Amino acid sequence: MKKILITGGAGFIGSHVVRRFVTKYPNYQIFNLDALTYAGNLENIADIDKSPNYTFVKGDIVDADFITDLFQKHQFDGVLHLAAESHVDRSITDPLAFVKTNVIGTMNLLNAAKMIWANNFEGKRFYHISTDEVYGSLGAEGLFTETTPYDPNSPYSASKASSDHFVRAYGETYGLPYVITNCSNNYGPNHFPEKLVPLFIHNIINNKPLPVYGDGKYTRDWLFVIDHAIAIDLVFHEGKNHETYNIGGFNEWQNIDLVKLLCRQMDAKLGRVAGESEKLITYVKDRPGHDLRYAIDASKINKELGWKPSVTFEQGLEKTIDWYLSNEDWLQHVTSGAYQEYYQKQYS
Ligand code: NAD
Ligand code: DAU
């Protein structure tokens with residue numbers, strides 16, 4: 001039986017990865033390590049928490065002694081590292097929190113893996129889940145490839161870039177067997193409503209303004225979260241050591257066009273007159289250092305591992321809206337308390 005550590009498994013993407021591994025690989029013992037920050041939520045994985053091959057561990061990756069003890073105790077064979085501070089806007093107001101979790105936290109995991117594997121790397125793997133934001137911003141043309149130079153612009157992307165560099169450095173210097181993936185914007189069920197898609201779904205339901213930053217012409221490449229989890233499974237099992245793979249949706253949207261599509265789909269679902277939700281669109285002050293455009297060339301993972309997205313954006317968005325409309329309790333729980341304070345500060 002293999003012992004696999006997944007960090008950040010109570011968050012958005014991590015919960016889909018944990019579910020996939022726990023249900024698809026009964027011969028793996030899955031440990032989900034999560035500090036349960038504002039973004040972590042055990043409700044995201046309540047359906048699998050009684051599975052015999054699943055253990056939840058509450059803990060902070062910034063605590064080096066705790067991480068060392070955990071690795072010594074369980075002798076993990078593999079690590080999938082997703083735990084992170086993940087929201088660009090929060091990184092602008094509190095950059096140090098991003099250095100702590102994303103850089104120091106990753107270092108602690110690398111050191112612990114290096115210690116227990118002690119140069120016997122057969123069957124071991126450290127998989128670092130990263131973002132396309134490390135490449136900076138594109139102009140109107142071009143795509144990010146695996147060889148695009150790093151050029152991060154926000155404290156979030158700078159901290160992720162730093163952690164990617166440390167993972168590579170541990171591979172080069174100590175021979176640690178690693179893989180890294182850099183993925184584009186995810187959307188789907190269980191997404192915390194601070195990010196564009198779930199925040200706007202929540203606001204449309206509640207007839208609240210839809211705060212579009214700047215002129216709304218910023219472009220992102222959107223991928224359904226379950227397709228990301230499928231790609232992560234594939235890279236963990238079939239990716240080559242010391243390689244990076246870009247993951248993306250082949251699906252670029254300007255924010256304003258995405259928001260209008262979302263409004264149309266929500267009007268239909270909520271039985272509103274067509275055009276009603278669009279009236280909520282409100283242009284607000286831009287995000288400082290806002291990256292103009294992200295777009296991924298995912299041909300490497302497609303050619304080498306045969307991965308491609310399984311749903312169109314319209315299908316994925318409809319599944320996402322349906323999930324939020326039938327999980328009002330979830331939305332209610334995550335938008336009470338501290339969320340209200342955050343919202344006031346960010347959007348007032
Ligand atoms: P998220 O914010 O939804 O979840 C992060 C999880 O990490 C939470 O459960 C949180 O409790 C946990 N966590 C945070 N700090 C921790 C700490 N110090 N110790 C232990 N656990 C901690 O994030 P997400 O959107 O699911 O992103 C997961 C990973 O994927 C991140 O590394 C992110 O950079 C990367 N990524 C995200 C996207 C996206 O669109 N969301 C795209 C590409 C890459
Ligand atoms: O590209 C991958 C990255 O995608 C991940 O690494 C990050 O963890 C994830 O948060 C996401 O970053 P973005 O900054 O692109 O996502 P966000 O949903 O915050 O914003 C998407 C776009 O929408 C961006 O151009 C900013 C804009 N936006 C966002 C919010 C929250 C608005 O116009 N209004 C808003 O209220």
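The values are calculated or read from the model by the stated rules, or taken from the named source; none is laboratory data. Since the structure is predicted, the reported quantities are computational estimates derived from the model, not experimental observations. Heads up, the Cβs are rebuilt from the backbone with ideal geometry, glycines too, and the neighbour counts pull from every protein chain shown.
Observations
- The single condition among (1) exposed (fewer than 15 other Cβ atoms within 10 Å of the Cβ); (2) more than 9 Å from ligand 1 (Cβ to nearest atom); (3) not in a helix (DSSP H, G or I) that Leu36 does not meet is (2).
- Residue match in the stretch 135-142 (condition: touching a residue at least 24 places away in the same chain (Cβ under 8 Å) and either touching a helix residue (DSSP H, G or I) at 6+ places or on another chain (Cβ under 7 Å) or acidic (Asp, Glu) (or both)): no
- Gly289 meets the conditions (1) free of Cβ contacts under 8 Å to residues at least 12 places away in the same chain; (2) under 26 Å from Pro152 (Cβ atoms) in every case but one. The failed one is (1).
- Applying the criterion of at least 1 residues that are closer than 30 Å to Pro95 by Cα and acidic (Asp, Glu) to the strands (runs of 3 or more DSSP E) found wholly in the stretch 243-334 leaves 243-247, 252-254.
- Scanning the stretch 78-105 for residues that are charged (D, E, K, R) and either assigned to a helix (DSSP H, G or I) or surrounded by fewer than 19 Cβ atoms within 10 Å (Cβ to Cβ) (or both) yields Asp89, Arg90, Asp94, Lys100.
- Residues of the stretch 61-109 satisfying the condition of being farther than 27 Å from Asn241 by Cα and among the acidic types (Asp, Glu): Asp63, Asp65, Asp89, Asp94
- Which numbered condition Pro152 misses (of (1) crowded, with 21+ Cβ neighbours inside 10 Å; (2) in contact (Cβ under 8 Å) with a residue 40 or more places away in the chain): (2)
- Checked against (1) within 18 Å of Glu276 (Cα to Cα); (2) out of contact with any helix residue (DSSP H, G or I) (no Cβ under 6 Å at 6 or more places or on another chain), Lys217 passes all but condition (1).
Matching residues to (1) within 18 Å of the chain's Cα centre (by Cα); (2) over 23 Å from Asn246 (Cβ atoms); (3) of a type in the set (S, T, N, Q); (4) away from ligand 2 (no atom under 16 Å from the Cβ):
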| position | (1), (2), (3), (4) |
| --- | --- |
| Ser277 | no, yes, yes, no |
| Arg287 | no, yes, no, no |
| Lys303 | no, no, no, yes |
| Ser336 | no, yes, yes, yes |
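- Of the strands (runs of 3 or more DSSP E) lying entirely inside the stretch 140-234, those containing at least 2 residues that are within 16 Å of ligand 1 (Cβ to nearest atom) span 178-183, 185-187, 219-224.
- Assessment of the stretch 169-186 against the conditions (within 8 Å of ligand 2 (Cβ to nearest atom) and either at pLDDT below 95 or out of contact with any strand residue (DSSP E or B) (no Cβ under 9 Å at 6 or more places or on another chain) (or both)) yields no matching residue.
- Entry remark, the stretch 10-33: residues being within 7 Å of ligand 1 (Cβ to nearest atom) and within 22 Å of Asp63 (Cα to Cα) number 4 in total.
- Residue check, Ile30 on the phi < 0 side of the Ramachandran plot, away from ligand 2 (no atom under 16 Å from the Cβ), over 16 Å from the mean Cα position of the chain (by Cα) and buried (at least 19 other Cβ atoms within 10 Å of the Cβ): yes
- Residues that are aliphatic (A, V, I, L, M) and away from ligand 2 (no atom under 11 Å from the Cβ), drawn from the stretch 119-160: Leu138, Ala140, Leu143, Ala158
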